[in-house]
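*Asks:* Quick one: the structure is below, and I'll ask about it shortly.
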Amino acid sequence: MKLGMCHYSYHRLWAEQSWDIDRLTDEVKALDIPGIDYHARLLGTQEGAAERIAAALDRTGLELSGCSLSTDFNQPPEKLEPHLEDTLKWLDVAAQLKAPACRVFGGHADRANPGDVEAGMEYIIGVLKRLAPEAESRGLVLALENHSGLPGTAEEQNRVIEEVGSPAVRSTIDVGNYMGAGQEGADAVPIAAKYAAYVHVKDCKKTSDELNAKGGMQYHACTVGAGDVDIPACLKSLAAAGYDGYVAIEYEGKEDEAIGVPASTEYMKEVLAAL
C-alpha cells in the first residue's frame, strides 16, 4: 500500500489562505507522501482543472491517488438531473487525469427510519446503474464511500455494489466513517475489503459509549493515531484481501491542520512500515 493525502485534509487552510492547486501539491510533496487526492467541491469548477492538476503533478513527481467527488444521489429528480450532469463533467476531468478511483457518496437519509433507509438504498442503486456505463466508457471506477448516510455500513456498501453489478462500481473504505453507522472500523473493513478500490484514513475519538438516536456512535474527529479507530487492524484486513492501492489520509480534527496533518502523516508512515 502507498500513502496518499486527501485535499480535504487542508480544507480550512485552503479557504482561509486562498490556496491553489500548486500550493496544496507543494505542501503534500514536503511531507514526502507519494500520492495526492483532489476534491471537486474545493476546486469549484471543472474548467482548466485537469490541466492545472496535471501540471502540478508533473512538476512535483506526485501521483494522483484519486479524485473525490461530493455527490448526493438521494435527491428528487428535479435536483438529481442537474447534479448528474455536473457529476459527468467531473468524470470527464478524472478521465483526462486517468484517475485510479473516483470517490462518490450515495446520499443522505434518516438512519433512525428503516423505511427511509431502504427507500434511499433502492434509489441510489438505480442512480448508480445509470452512472456505471458512463464510468466504464471513460475507463473510471466509481468508489462508493461509507459516509454515515447511505451507504453507512460495510454491508450496505456491499449490497449496493452487488446489486449494481458493474466492475465500474466499487468502494472507498473510510475506516473512521463506519462509526457514524454504529460499526467499528476493524469489524467493518474485513466485510467491505473485497470491493475496495480506494481507502481514506481518518481517526475518531469516542465521546460516549452510548449510541445516538440514529444508531451511530458519538465521537469527534482527531489526529490520525490519537483516536479509537484500530487503524493497524483495518490495514491488515485490507492487505489480507489483496488491496495494494492508495491509503489516503483525511484529517478532520479540530487542531490546526499545519500541526494535525504532519502528525497524522508520521503515524501513518509508521503503521505502513510495520505492515
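*Asks:* For region 182-197, indicate whether the set of residues that are under 13 Å from SER148 (Cα atoms) and not small (Gly, Ala, Ser) is non-empty.
*Replies:* Yes, that holds for at least one residue.
*Asks:* Scan region 76-111 residue by residue and report those that are part of a loop (DSSP other than H, G, I, E, B), of a type outside the set (Phe, Trp, Tyr) and crowded, with 18+ Cβ neighbours inside 10 Å.
*Replies:* ALA99, PRO100, ALA101, GLY106, ALA109, ARG111
*Asks:* Criterion first (part of a helix (DSSP H, G or I), aliphatic (A, V, I, L, M) and closer than 20 Å to ALA101 by Cα) does VAL160 satisfy it?
*Replies:* In short, yes.
*Asks:* Would you confirm, using the coordinates I've provided, whether THR223 is closer than 21 Å to GLY35 by Cβ, more than 15 Å from the chain's Cα centre (by Cα) and modelled with pLDDT of 95 or more?
*Replies:* yes
*Asks:* Suppose the filter is free of Cβ contacts under 8 Å to residues at least 60 places away in the same chain, closer than 30 Å to GLU136 by Cβ, in a helix (DSSP H, G or I) and not polar (S, T, N, Q); does ALA50 pass it?
*Replies:* yes
*Asks:* Against the condition farther than 21 Å from PRO100 by Cβ and not aliphatic (A, V, I, L, M), how does ASN212 come out, does it pass?
*Replies:* Yes, satisfied.
*Asks:* Of the residues GLU85, GLU27, GLU51, which is under 30 Å from LYS236 (Cβ atoms) and modelled with pLDDT of 95 or more?
*Replies:* From the options GLU85, GLU27, GLU51, the qualifying one is GLU27.
*Asks:* Can you tell me which of VAL169, VAL160 is crowded, with 24+ Cβ neighbours inside 10 Å, of a type in the set (Val, Ile, Thr), touching a helix residue (DSSP H, G or I) at 6+ places or on another chain (Cβ under 8 Å) and in contact (Cβ under 8 Å) with a residue 40 or more places away in the chain?
*Replies:* VAL169
*Asks:* Separate question: If ASP72 satisfies all but one of (1) acidic (Asp, Glu); (2) farther than 30 Å from GLY48 by Cα; (3) assigned to a loop (DSSP other than H, G, I, E, B), what's the number of the condition it fails?
*Replies:* The number of the failed condition is (2).
*Asks:* Which residues, taken from region 1-47, are at positive phi and charged (D, E, K, R)?
*Replies:* Result: ASP32, single match.
*Asks:* Ok, one more. Within region 30-47, track down each residue that is in contact (Cβ under 8 Å) with a residue 12 or more places away in the chain and either in a helix (DSSP H, G or I) or farther than 18 Å from GLY245 by Cα (or both).
*Replies:* LEU31, HIS39, ALA40, ARG41, LEU42, LEU43, GLN46
*Asks:* Applying the selection to region 173-182, what residues are part of a loop (DSSP other than H, G, I, E, B) and under 18 Å from GLU250 (Cβ atoms)?
*Replies:* Once the filter is applied, which keeps residues that are part of a loop (DSSP other than H, G, I, E, B) and under 18 Å from GLU250 (Cβ atoms), region 173-182 yields VAL175, GLY176.
The values are calculated or read from the model by the stated rules, or taken from the named source; none is laboratory data. Bear in mind that the values here come from a model prediction, so they are computed numbers and not experimental data. Every residue, glycine among them, receives a Cβ derived from its backbone with ideal geometry; neighbour counts consider all protein chains shown.
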